[in-house]
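Peer 1: Before I ask anything, let me first share the structure, which is written out below as structure tokens.
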Amino acid sequence: MSPAHPLYAAMEPTIFEHMSGLARAHDAINLGQGFPDEPPHRDMIAAAARALAEKSNQYPPAFGLPELRDAVCAFYARRQGLMLTREQVIVTSGATEALAAAILAFVAPGDEVILFQPAYDSYAPMVRRAGGTPVSIALTPPDWRYDAGQLAAAITPRTRVLILNDPLNPAGTVASKAELAMIADACVRHDLVAICDEVWEDVRFDGTPHRSLMSFPGMADRAVKIGSAGKIFGLTGWKTGWLCAPPQMATALGRAHQFLTFTTPPALQWAVAEGLGRPDSWFAPQREGWSASRRRLAEALAAAGFTVLPNAATWFLCIDLAASGIALSDREFSERAVSEAGVASIPVSALFEGDGPRHILRLCFAKEGALLDEAVRRLAAFRDTLHAEKA
Ligand code: PMP
Ligand code: GLN
């Protein structure tokens, strides 16, 4: 047997997999990995079941079912005012695959790639596997703002790609129009490809429609926009996503995708196409449910003396452990809380390489209200135990 590639040999399981494994082992409440625990929408299950029974179960076209590619265009036209055509959309097996395809298509050995930390866990390893060098800019809590000076300092003649995740997981914050304009301007001036991970675009609680980096001047011919049905419908296991890009770039993306998964299960593509075509009123109750859960967790945490960071999107709230009277690092707290308090969480430091904050904990609120209350009760009791230990 030949030795494993050093990149993979040295790699740990993802923090999401690690914490969900611990949650199962300790029968803990899992507020770690992001997934909603509500039953899936009946219409989506019915659509997938109907497609399984009535449509082809053989390979769909590599670039995706035309019906889904058209549905993605119509959805973005309606919700975000973007004008895309079918040729600009490539269906993938989730956003994770879309990211891999985009990085493999546009990052060549020796290229530098700008990342903002906290960064989704696949970005840096995939950039390295493509032969590129990640150049990370650390954002700072509680606001996680983008700074023009930091960005200018990070760009070199070798910079070729910038990856932006907006809204930002784990923080749940949204870049301002001015920040997006500043980032777009840097991409245009330095001729960068922008990989825009916008999977949280439709999970917003600030009443503001999502604004894609792709919509800024000069970006339509250099932006790759990534979306995921997993987030839009709260069906994370479906692993159905897509890439949107100008036609020539989309073809290159499709060629990368054809040797990753080639295609995505057709029944799920049919069901997602049908779902994207539903009116806004169909989406509203699920959004209202997530919004109520967000409020409930934020209020329960605040009442129990935890400091909750500002956020406007995603299924996540972050707490500042130090400001909440907890001296442990986020990693120590998270590892101990899952076994000792029965609550799984995500230490935000796991999404930083090198220096970064060590006192921010991410909690997923897309859960039933009583479960959220119980999780907060357990976390507060655990904090009291820590204080008693110290005394
Ligand atoms: N990017 C970000 C920022 C995410 O939060 C996630 C999933 N939580 C993904 C990509 C991956 O999405 P998918 O499950 O569709 O692969
Ligand atoms: N992105 C999801 C989260 O933030 C997890 C995805 C995964 O487990 N790979 O929780």
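The values are calculated or read from the model by the stated rules, or taken from the named source; none is laboratory data. Because the structure is a prediction, the values reported are computed rather than measured. All Cβ positions, glycine included, derive from the backbone under ideal geometry; neighbour counts span all protein chains shown.
Peer 1: For Ala153, all conditions in the list (1) in contact with a helix residue (DSSP H, G or I) (Cβ under 7 Å, 6 or more places away or on another chain); (2) without any contact (Cβ under 8 Å) to a residue 12 or more places away in the chain hold save one; what is the number of the exception?
Peer 2: That leaves (1) as the condition not met.
Peer 1: Can you work out which of the residues in region 2-28 that are hydrophobic (A, V, I, L, M, F, W, C) and within 15 Å of ligand 2 (Cβ to nearest atom) is modelled with the lowest pLDDT?
Peer 2: So in region 2-28, the residues hydrophobic (A, V, I, L, M, F, W, C) come out as 4, 7, 9-11, 15-16, 19, 22-23, 25, 28.
So of that shortlist, the ones also within 15 Å of ligand 2 (Cβ to nearest atom) come out as 11, 15-16, 19, 22-23.
Working: Met11: 90, Ile15: 97, Phe16: 97, Met19: 98, Leu22: 98, Ala23: 98.
If we take residues in region 2-28 being hydrophobic (A, V, I, L, M, F, W, C) and within 15 Å of ligand 2 (Cβ to nearest atom), then Met11 is modelled with the lowest pLDDT.
Peer 1: Being of a type in the set (A, V, I, L, M, F, W, C) and within 18 Å of Gly237 (Cβ to Cβ) is the filter here; which residues of region 32-67 pass it? Can you show your working first?
Peer 2: First pass over region 32-67, keeping only residues of a type in the set (A, V, I, L, M, F, W, C): 35, 44-49, 51-53, 62-63, 65.
Across region 32-67, the qualifying residues are Phe35, Met44, Ile45, Ala46, Ala47, Ala48, Ala49, Ala51, Leu52.
Peer 1: Another one. Could you pull out the residue among Val193, Val203 that is within 16 Å of ligand 2 (Cβ to nearest atom), modelled with pLDDT of 95 or more and either surrounded by 19 or more Cβ atoms within 10 Å (Cβ to Cβ) or among the aromatic types (Phe, Trp, Tyr) (or both)?
Peer 2: Details: Val193 fails: within 16 Å of ligand 2 (Cβ to nearest atom).
Of Val193, Val203, the one residue that is within 16 Å of ligand 2 (Cβ to nearest atom), modelled with pLDDT of 95 or more and either surrounded by 19 or more Cβ atoms within 10 Å (Cβ to Cβ) or among the aromatic types (Phe, Trp, Tyr) (or both) is Val203.
Peer 1: Residues being aromatic (Phe, Trp, Tyr) and either free of Cβ contacts under 8 Å to residues at least 12 places away in the same chain or within 16 Å of ligand 2 (Cβ to nearest atom) (or both): count how many of those fall in region 87-122.
Peer 2: If we filter region 87-122 for residues that are aromatic (Phe, Trp, Tyr), which is where we start, we get 106, 116, 120.
Among the residues that remain, those that are also either free of Cβ contacts under 8 Å to residues at least 12 places away in the same chain or within 16 Å of ligand 2 (Cβ to nearest atom) (or both) are: 116, 120.
Qualifying residue count, region 87-122: 2.
Peer 1: Another one. Run Ala229 past the list (1) at positive phi; (2) small (Gly, Ala, Ser); (3) within 16 Å of ligand 1 (Cβ to nearest atom); (4) without any contact (Cβ under 8 Å) to a residue 60 or more places away in the chain and report the number of the one that doesn't hold.
Peer 2: (1) is the only condition that Ala229 fails.
Peer 1: Give all pairs with beta carbons closer than 7 Å in which a residue from region 323-337 that is more than 13 Å from Phe382 (Cα to Cα) and hydrophobic (A, V, I, L, M, F, W, C) meets a residue that is surrounded by fewer than 19 Cβ atoms within 10 Å (Cβ to Cβ) and modelled with pLDDT of 95 or more; count only pairs at least 6 apart in sequence or on separate chains.
Peer 2: Listed pairs, sorted by first residue: Ala323/Thr307.
Peer 1: Evaluate region 138-161: report whether one residue or more is farther than 19 Å from Cys187 by Cα, crowded, with 17+ Cβ neighbours inside 10 Å and of a type in the set (Phe, Trp, Tyr). Reasoning before the result, please.
Peer 2: Step one: filter region 138-161 for residues farther than 19 Å from Cys187 by Cα, giving 140-144.
From the residues that got through so far, the ones that are crowded, with 17+ Cβ neighbours inside 10 Å too are 141-142, 144.
Narrowing further to those that are of a type in the set (Phe, Trp, Tyr): 144.
The answer is yes, given that some residue of region 138-161 is farther than 19 Å from Cys187 by Cα, crowded, with 17+ Cβ neighbours inside 10 Å and of a type in the set (Phe, Trp, Tyr).
Residue by residue, here is whether (1) within 14 Å of ligand 1 (Cβ to nearest atom); (2) assigned to a helix (DSSP H, G or I) holds:
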| site | (1), (2) |
| --- | --- |
| Asp206 | no, no |
| Ala220 | no, no |
| His257 | yes, yes |
| Leu260 | yes, no |
| Glu274 | no, yes |
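Peer 1: Taking the residues in region 78-107 that are over 22 Å from the mean Cα position of the chain (by Cα) and among the hydrophobic types (A, V, I, L, M, F, W, C) as candidates, determine which candidate is farthest from ligand 1 (Cβ to nearest atom).
Peer 2: Once the filter is applied, the top-ranked residue is Met83.
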